[in-house]
Protein chains: 4
Amino acid sequence: MTETTALQDTLASIHVAVTSDPTGEVASYIPEMACVNPDKFGMHVTTVGGNDVGVGNNNERFSIQSITKVLLLARAKLEVGSELKERVGVEPSGDPFNSLVQLEYERGIPRNPMINAGAIVVCDVLVELLDDPKSDYLSFVRKLAGCETIEFDSSVALSELLCGYRNRAIINLMKGFGNIRGDIDEVLDLYYHACSIAMSCRELARTFSTFANAGSLVETGERILSPRRTKRINAVMQTCGMYDEAGEFAFRVGLPAKSGVGGGIAAVDPGHYAVAVWSPRLNSKGNSVAGFRALELLTDQTGRSIF
Amino acid sequence: MTETTALQDTLASIHVAVTSDPTGEVASYIPEMACVNPDKFGMHVTTVGGNDVGVGNNNERFSIQSITKVLLLARAKLEVGSELKERVGVEPSGDPFNSLVQLEYERGIPRNPMINAGAIVVCDVLVELLDDPKSDYLSFVRKLAGCETIEFDSSVALSELLCGYRNRAIINLMKGFGNIRGDIDEVLDLYYHACSIAMSCRELARTFSTFANAGSLVETGERILSPRRTKRINAVMQTCGMYDEAGEFAFRVGLPAKSGVGGGIAAVDPGHYAVAVWSPRLNSKGNSVAGFRALELLTDQTGRSIF
Amino acid sequence: MTETTALQDTLASIHVAVTSDPTGEVASYIPEMACVNPDKFGMHVTTVGGNDVGVGNNNERFSIQSITKVLLLARAKLEVGSELKERVGVEPSGDPFNSLVQLEYERGIPRNPMINAGAIVVCDVLVELLDDPKSDYLSFVRKLAGCETIEFDSSVALSELLCGYRNRAIINLMKGFGNIRGDIDEVLDLYYHACSIAMSCRELARTFSTFANAGSLVETGERILSPRRTKRINAVMQTCGMYDEAGEFAFRVGLPAKSGVGGGIAAVDPGHYAVAVWSPRLNSKGNSVAGFRALELLTDQTGRSIF
Amino acid sequence: MTETTALQDTLASIHVAVTSDPTGEVASYIPEMACVNPDKFGMHVTTVGGNDVGVGNNNERFSIQSITKVLLLARAKLEVGSELKERVGVEPSGDPFNSLVQLEYERGIPRNPMINAGAIVVCDVLVELLDDPKSDYLSFVRKLAGCETIEFDSSVALSELLCGYRNRAIINLMKGFGNIRGDIDEVLDLYYHACSIAMSCRELARTFSTFANAGSLVETGERILSPRRTKRINAVMQTCGMYDEAGEFAFRVGLPAKSGVGGGIAAVDPGHYAVAVWSPRLNSKGNSVAGFRALELLTDQTGRSIF
């Protein structure tokens, strides 16, 4: 039995296991996301050797939301070096993912780029350095995904822009501390558009396979990021990528990963594969219930994790 | 050139690099630790294949202090299963290592077993379940280290017991919340004795090689912990082991590790090796300056990390 | 109609109003206090002119608990001057009455002497300066109350000492910051005995009439405290005396006051009178429901408050 | 010697005492306030009997800034009853005057109307209920001050509006919690205009004399507020009016008061007089150094305070 066939069987059995007893609630704070079918489930693995295996709704696009934060960070690392560290930390936050408390105690320096405040600072960096940050970022994501049809969902972006008072509080607080240089509306426009990108599990797995492949595209071998920067992105994902469940996820799954309130999770086994999973029902921490469980089964059944 | 020779060369070059320009201060809150020679440096690697390589003062014993927390957790996991999770979390604390703030907000449940509060709860578990917890724990450490001469340093334990008002505040707060069952003095006695254990880098590397070897002793193959529990211990170490520098350490080194204020750090590359390093000068976060740097050079030069 | 007769009528009408529909729960954390009759109600006014008027169970003794903090502060002010300010603040805490959070942020300096931490520091001062602090303090209270039969209730003190893990956490934390000089057990012994004193509303009103009378005993005119110190004690009571309801109490009643979990409240209208009220049922903030309401009616009906 | 003459002598001696050794810094965050002469000092007393006594620059106008919060509250109390309490508390904040921490923990309900967040909610109430809130508010202040020439300083308001990122963070956070109903820009426009009003000590003392006079204008006897609401405004001022020095101010001065970063303080001795003092140099808590000291000397020398 080939690796691909074995993996296909594993994914099929996981698919059955995690969809038999659905729990959790779909994120409902914007109408565009609330109306998604809660029982969707997709999962897709792309290995660094180029194998591609998926199950369920793995070709259906959904709103990647916070998963975009990893890609924003990657894009920023092409432009800036260690100076980013003076404006965003790399430590876990130990607090709900959008808390203002630590941000105030630490005088406008977000704990890490995986929380809203940190990703907004990364957007501020991109707004400052790029001529047309939105289209530049979209091109970058398309290149990693190997797909030119990926798009922003402007209605999602606009909905979030209009009701996002908390993020507006965060960016104003950081601006008060001098850690936002650009225009608030322009920075938030980039941030919400980046979150609104719609991708399928297949496209996300392809995108994240670059992080599993030391920074080079799996398909062509083209280097996008240095191995050192790739390692650092994986480290930040692992430490800070799962909101207030980073520890629980390390404990049960053991892979660097990033989740989004759209129900997606993208994870990386460095040197081996990337995996994306999607199921819209969320637990109380904002992570996909079935997605979390599916990744736990994957590392249990393959016997592989970073630990 | 054999693996051993290459590794010996790597350690030798690291030794030179990290000791050329010493910075940082020795922990001075108890006299027994303040009088250590600040310029000591030792480093030792034990591979899962049984290779043993060290440099500098790698055979000299020092106070392992908080490194003991990993071993306390391992010992407790031999006795209890998931019920431990109701009394100690696995999430990073996002706060200085001895803060009472989160402990109060979270009603006496420590964030993880790598902070003082969490390790004290682990000691409470051991006090409840073991007939003679101190001698049982010492036997456990000796077995992992493969050395019967390892001892508590009672003068260090006593010093810390007498001046440890903050830990006494922590345990009383947890007792008030019902998360300590045993006698406060007995629990603290175990805790401080466990911290006072003196070991060399060679002994620590041997001890932690069990975590690199999926829970089996490298020397004999005897299973101590299941692979699943070993993976979970490594995950907790990685997420929470370096005080408020867990993210920075993941970013720069990329290995599960635990440090102590005695200047030691023990780290694990699962499936490959364990490494212990010792240098008493600490940075402002309480981690060994030269030890941190030595591990960064090790993963840079070997090109291996979990990310 | 004389002032006394009018006041008697006022108290009688208040008595009826506040006892008609009892709500709230008796403090139950120690058995000695849990078994009190929840429907007791007493109220007593002592004017600076020497008038004495009471209703209900105004002659029955109850555990004064935190009301003792005002008297501890008064006793300490006989011994120390402004140096107390370096060890205890005078600002409201803005947090539940026994929180450790602010204490940690402010490095062991309690916000004010009306919270547990602050009263414990005041006890530490008395332990340091007095030969026999417990009997000295009891004599002081007896003198203010004009009654030699007032006693500690040692069974209450012992119960609280045994279950008081949070206060033990607080004192250890402060000791860790260097803000406790004496022996922890001796300081807590004084604190819990001071809280355990049993007094009637009549005795409390007499005691607090000294604060209404610029520091002199109403009966004899003997000066106990200077007018300046008396004013400052009233100010601290007004700002910090009602736990997390200081503002609500100022808003609705408008008198400096101190409450205790035994259900007592003592209040002062400087230059006019002191009043004590007792009813064991407490609201969620730990203040007597009927006592609070009785004082609101008193200032409404007399048209007198400090505002 | 008449009361007026005696008071004139008292103010003259205070004037000499507090201006002999100037310390503190002028607020400099907006250019319009930074360029004020730091050595200005004015003080003015208006008694409920109609006496008017002042010294120094008591007729020179300055930016009343946060003193306006008392008047905003008074204006709102003409429109709304107890429902305001569901949207703004009356408890001291125990934190710096513009902290977001408590606001987040308490889910967008400000602790009291004397901090920025609370005053902004009061403005939101006025924006909702009044046809032309800015001109209505200005008319209200003019009526209390008995002076039709009082004006907003639009350049100050505009400066603060442009650099006020923290207040914009605060209002967005509250909007996210549902505690702001109006348009953010319109509410902030009212808030900053209200803060920008320029008044002299004489005008402020006249304005606050209504709070000393149970809610009626001293000059004409016209009732503005009920005695009950006036008492409550004085209580809130006393508990919360002096930023993080409410306790220190009660301790040393003992009058309900409100300060502003323009260097003004207005205080009330209910039933007796109102006093306004102005000196632009501020202490580290944002209160006027000489103003604070002048009020302390006033209550010391007259022997009158609420305690």
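Model label points for A:Glu151 and C:Lys143, set 7 angstrom from Cα along the Cα-to-Cβ axis, are 8.7 nm apart.
Summing Cβ point charges (Lys, Arg +1; Asp, Glu -1) relative to the Cα centre of segment C:35-156 gives a dipole of roughly 240 debye.
Projecting the Cα atoms of D:Ala117, D:Gln102, D:Ser196 onto the dipole axis of segment D:66-196, where Lys and Arg carry +1 and Asp and Glu carry -1 at the beta carbon, places D:Gln102 farthest toward the positive end. Put simply, the Cα atoms of chain D extend 59, 40, 36 Å along their principal axes, the longest span coming first. Evaluated with a Cβ-only charge set (Lys, Arg +1; Asp, Glu -1), chain A carries a dipole of roughly 600 debye about its Cα centre, given to the nearest 20. Rg then Dmax, both in Å and based on the Cα atoms of the protein assembly as shown: 33.6, 111. Could you tell me the calculated FRET efficiency between C:Glu79 and C:Thr19, based on Cβ-Cβ distance and R0 = 41 angstrom, to the nearest 0.05? The value I calculate is 0.50.
Each 5 Å bin from zero holds the following percent of Cα-Cα pairs in segment B:126-199: 3, 16, 24, 21, 19, 11, 5, 1.
A simple count of charges around A:Asp124, restricted to other residues whose Cβ falls under 11 Å of its Cβ and scoring Lys, Arg +1 and Asp, Glu -1, yields 0.
Net charge of the neighbourhood of D:Leu204, taken over other residues with C-beta under 11 Å away and scored Lys/Arg +1, Asp/Glu -1, is +3.
Between beta-carbons, use under 11 Å as the cut-off and find the net charge around B:Asp183, counting Lys and Arg +1, Asp and Glu -1.
Details: positive: B:Lys175, B:Arg181; negative: B:Asp124, B:Glu128, B:Asp185, B:Glu186, B:Asp189.
Counting the neighbours of B:Asp183, the net charge comes to -3.
Take B:Ser28, project a point 7 Å from its Cα along the Cβ direction, then tell me which residues of segment B:275-289 have their backbone nitrogen under 14 Å from it. Residues passing the 14 Å test: B:281-282. Points 7 angstrom from Cα along the Cβ direction at A:Leu162 and A:Asp132: gap in nanometres? So the two model labels end up 2.7 nm from each other.
For segment B:60-95 versus segment D:202-230, the inter-centroid distance based on Cα atoms is 65 Å.
With contacts defined as alpha carbon pairs under 8 Å and 6 or more residues apart, what's the relative contact order of segment D:66-196 in percent? List each step's numbers first, then the result.
Values: 151 pairs, mean separation 41.8, N = 131.
Rounded, it is 32 percent for segment D:66-196.
Taking the Cα centre of the protein assembly as shown as reference, the dipole from Cβ charges on Lys and Arg (+1) and Asp and Glu (-1) amounts to some 0 debye.
Report, to the nearest 10°, how far helix D:154-163 tilts away from the longest principal axis of the Cα atoms in chain D, using its own Cα long axis and a range of 0 to 90°. The two axes meet at around 50 degrees.
Using Stokes-Einstein with the Kirkwood hydrodynamic radius over Cα pairs, what translational diffusion coefficient do you get for segment B:67-196 at 37 °C and a viscosity of 0.692 mPa s, in µm²/s rounded to a whole number?
Values: Rh = 14.7 Å.
Taking Rh from Cα pairs, D becomes 223 µm²/s.
Measuring against 22 Å, Cα to Cα, the residue pairs A:Lys40/A:Lys285; A:Lys40/B:Lys85; D:Lys40/D:Lys258; B:Lys69/C:Lys175; C:Lys285/D:Lys175 contain A:Lys40/B:Lys85; B:Lys69/C:Lys175; C:Lys285/D:Lys175 as the ones spanning a longer distance. With respect to chain C, whose longest principal axis is taken over its alpha-carbon atoms, helix C:116-129 is tilted by about 70°. Please compute the modelled spin-label separation between C:Thr220 and A:Asp9, points set 7 Å along Cα→Cβ, answer in nm with one decimal. The answer from the label model is 9.8 nm.
Using alpha-carbon pairs under 8 Å, 6+ residues apart, how would you state the relative contact order of chain C in percent? List each step's numbers first, then the result.
Numbers: 610 pairs, mean separation 83.6, N = 307.
With pairs under 8 Å counted, the relative contact order is 27 percent.
Residue by residue along B:163-174, Cβ atoms of other protein chains within 10 Å of the local Cβ number 6 on average. Relative to the longest principal axis of the Cα atoms of chain C, helix C:3-19 runs at roughly 70 degrees. Normalised by the number of residues in segment C:1-153, the average gap of Cα pairs under 8 Å and 6 or more apart makes the relative contact order 16 percent.
Coordinate-derived values only; no laboratory data. Everything numeric here is computed off the predicted structure, so don't read it as measured data. As a convention, Cβ positions derive from the backbone with ideal geometry for all residues, glycine included, and neighbour counts pool all protein chains shown.
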